[in-house]
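Values quoted throughout were computed directly from the atomic coordinates according to the rules given, and no laboratory measurement underlies them. A quick note: this is a predicted structure, and the numbers were derived from the prediction, not measured. Cβ: placed from backbone, ideal geometry, glycine included. Neighbour counts: every protein chain shown.
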Amino acid sequence: MATLILSTVGTIVGGPVGGSIGALIGQQIDQNILFKPKDREGPRLEDLSVQLSQYGRQVPRIYGRMRTAGTVIWATDLKETSERQGGGKGRPGTKVYTYSVSFAVALSSRPIEGVGRIWAEGNLLRGQAGDFKTTTAFRLHKGYGNQGADPLIASAEGMAGTPAHRGIAYAVFEDMDLTEYGNRIPSLTFEVIADTGEITLYQIMADQTRLSSSSQLPQRFEGFASSGGTLRAALKSIDDAVPISCRAADNGLDLREVMNPVQAHTYITASAIAMSDSDGEGALADLQESRSPSRTLPARLALRYYDPERDYQAGMRYARQADAQAQMDGRSSAIDLPAAMPSGAAQRVADNLYAFMRGGQRGLKMILSHVDEEIVPGATVQVEGVQGNWRVQRWQWRAQGIALDLVRQEGVTPGTMQNIQPGQIVSRPDLLIGGSILRILDLPAFAGQPAGLRNIHAAVSGETEAWRGASLYRAAPNGDLAETGIFASAPATMGKISNILGVASPLICDERSRIDVVLQHEGMHLRGASAEQLAQGANLALIGDEIIQFARAENIAPRTYRLSGLWRGRGGTEYAISAHTDEEDFTLLDESLVPLERAASPLGHLHTGAYAAIGPGDSDSVLADSAHSMRSLEPFAPVHLHAEWTDIDSLELSWVRRSRIGYDWNDYVDVPLGEESELYSVRIAGNDGTLYAEPESETPSMTIGPSIIVSARAAGATELAIGVRQKGQFATSPAANICMPLS
């Protein structure tokens with residue numbers, strides 16, 4: 001459907017047209033010569049969405065804002081790294097090997113302004129805000145003439161062997177993590193921003209050749225990819241969907257959209273017609289129209305394009321006018337337009353193109369007796385005695401005069417179509433990864449864990465649900481980081497308590513207290529558990545220093561859960577029941593926790609400083625202090641502390657010890673001690689704070705004799721405050737306390 005484009009300048013990419021061509025007014029090359037069937041030189045529409053690395057592959061010229069795959073022009077070998085993942089609650093971790101790679105991708109063979117979003121295997125790799133969802137360093141070379149060589153490529157290939165690729169816009173990825181992509185370079189597509197705002201056909205063609213000021217190319221696109229290597233190929237990719245006429249002028253090529261509705265250039269009178277028959281026979285009044293068979297008109301005309309409303313995925317719009325006979329025959333045709341435009345604009349192009357094709361079914365031939373500079377291919381004319389506007393399709397010099405082939409110029413729809421739905425797109429939401437959140441927890445020993453192991457765990461999560469994990473490091477006081485080889489991939493469920501947890505007994509279920517937990521983001525959830533599940537260790541959570549379990553979790557607001565049915569003071573933390581404050585940290589103790597340190601002795605090579613987490617969304621390392629109380633090495637506080645007067649000046653104490661390594665009590669036999677020896681420290685003080693004695697006992701009982709009782713009474717004390725602690729190999733337990741009146 002193209003009309004008379006480019007004769008001797010078919011292979012010229014830029015520059016003026018020679019004077020000899022401009023001197024031949026209106027002389028053109030017929031479309032059957034210019035656009036006769038040839039091998040396709042530019043890419044198909046799908047080629048822009050498939051990343052390749054073929055040697056000699058054309059790099060398209062990108063205009064406006066366009067999504068393109070680009071071409072891989074350089075890459076390193078895979079880099080292997082080993083990290084430990086998993087583990088927790090006595091389970092071993094897994095050593096996982098991860099791989100990264102550095103590579104460069106050519107995007108456009110003309111300079112660009114920047115890059116927006118980047119997709120990897122169809123999912124967002126870089127969001128609208130410029131954040132990367134996967135760990136990688138990124139550099140963009142925009143393709144201007146002062147562009148220098150990339151430092152990474154130069155360091156690998158040598159400065160002498162590294163081109164600057166001036167005139168080529170390309171992106172460099174450094175140490176991109178390939179874990180999510182099967183340890184291979186993923187197929188990438190880029191939202192390339194070559195120009196600000198919409199771009200016209202005039203701007204596209206003026207960038208590739210010299211245009212006459214009389215050129216009329218008003219069609220607008222949001223983006224366009226010009227390929228093919230020749231001006232002919234560039235025009236061909238446009239002309240299929242937006243037919244263009246061309247003629248040579250003194251100051252460049254005169255290009256015009258033939259579908260653009262314009263007034264007739266000139267009026268052909270009957271006296272100007274030499275004869276109607278192209279073979280030189282006929283009379284002046286013998287003008288007759290010709291009509292092509294209906295089978296040459298497709299029943300369905302589809303325009304394929306890139307839809308920015310659907311993340312620049314390929315879209316298709318069908319022309320809404322159709323010939324009835326063609327519909328019966330069932331023929332269809334599809335046109336590829338490597339342009340990005342809204343669905344309404346694409347619908348308008350499809351409808352106008354079909355109207356243009358339908359008008360081309362009606363033809364008119366004549367021979368003019370003189371040369372008229374306005375009657376050139378692409379011009380719209382009116383003919384005396386014939387209705388409608390006609391477009392000059394062919395101009396040929398003959399002995400009898402100027403032979404013209406005309407086709408009917410059908411009306412086209414101006415403006416952009418409204419209320420055209422682009423369709424749905426299924427994709428991951430573009431969420432900022434956000435920074436990492438790190439908490440270091442020193443937890444009591446889990447059931448079945450051998451004695452003498454320190455349980456330091458990391459609870460790691462992100463500020464948003466798009467968080468992708470973080471690597472953990474030991475932090476020295478001088479700020480240096482040492483690798484642990486640990487990668488936290490599963491986000492811990494954490495948040496803040498919006499109320500103060502009240503005091504309750506650790507011996508019965510607390511049905512009075514309620515906890516309102518505000519979780520970090522909406523991707524975190526809490527669920528209830530049955531009594532049987534709680535007995536098996538479900539729904540353990542750390543609030544302040546107290547470990548609880550909860551039976552019910554009610555979602556009362558976005559990110560907010562109300563917990564009830566509480567089991568308090570779990571894991572020997574009943575000492576912390578009365579020590580709660582407002583805005584305490586909440587951390588769910590589940591499989592997401594990452595074990596950091598386990599050693600037979602706290603005096604061994606244990607790290608007592610801070611830890612750091614670094615993830616894809618962290619601009620700096622996130623630090624958390626690990627200077628905790630070695631809770632996992634502390635014996636549990638004794639229970640059932642009982643005091644009884646044996647006479648007026650003698651007090652008998654007894655208690656029951658607890659073991660931190662065998663509190664499941666599955667075999668009805670006394671639990672194991674869990675320490676090298678059994679030893680208790682008893683602190684005896686008056687209610688005035690005076691310490692009277694601090695004896696030790698090797699058995700879970702002790703007699704407080706008359707010397708202490710008499711001394712306390714003589715000092716004016718009215719009651720004794722007694723605290724019993726078990727002394728362990730590495731630490732001393734919290735105290736079990738009781739008060740005895742001296743009266």
Inset, instruction - With a/c under 1.5 counting as rounded, go ahead and sort region 89-225 into rounded, prolate or oblate using the C-alpha gyration tensor (a ≥ b ≥ c being the square roots of the eigenvalues; past the cut-off, prolate if a/b is larger than b/c, else oblate). - result: oblate
Inset, instruction - Figure the gain on full extension for S213 and V656 (residue separation times 0.36 nm, minus the Cα-Cα span) and round it to one decimal in nm. - result: 149.4 nm
Inset, instruction - Report relative contact order for region 103-150 in percent, whole number only (criteria: Cα-Cα under 8 Å, sequence separation at least 6). - result: 32
Inset, instruction - List every residue whose amide H lies under 5 Å from the amide H of Q216, counting only residues 5 or more places away in sequence or on a different chain, with H placed 1.01 Å from N in the peptide plane. - result: L255, R256, E257
Legend entry - Partners for K727 among aspartates and glutamates (Cα-Cα distance below 15 Å; same-chain residues under 8 apart left out): E634, E675, E676, E678, E694, E696, E698
Inset, instruction - Could you check the simple spin-label distance between R683 and A399, using points 7 Å along Cα→Cβ, in nm with one decimal? - result: 12.7
Inset, instruction - Give the distance, in whole Å, between the Cα centre of region 192-210 and the Cα centre of region 543-573. - result: 61
Inset, instruction - Could you check the simple spin-label distance between E384 and R527, using points 7 Å along Cα→Cβ, in nm with one decimal? - result: 8.8
Legend entry - Spherically averaged projected area in nm², based on the convex hull that wraps the Cα atoms of region 489-596: 6.8
Inset, instruction - Per residue, how big is the convex hull around the C-alpha atoms of region 156-247? Give it to me in cubic angstrom, could you? - result: 182
Legend entry - Reachable aspartates and glutamates, given that their alpha-carbon falls under 20 Å from the alpha-carbon of K79 and they are not under 8 places away in the same chain: D150, E157, E174, D175, D177, E180, E483
Legend entry - Cα pair distances exceeding 16 angstrom across region 624-743, given as percent: 63
Legend entry - Restraint check, K133/K236; K142/K236; K236/K365; K133/K496, Cα-Cα greater than 32 Å: K133/K236
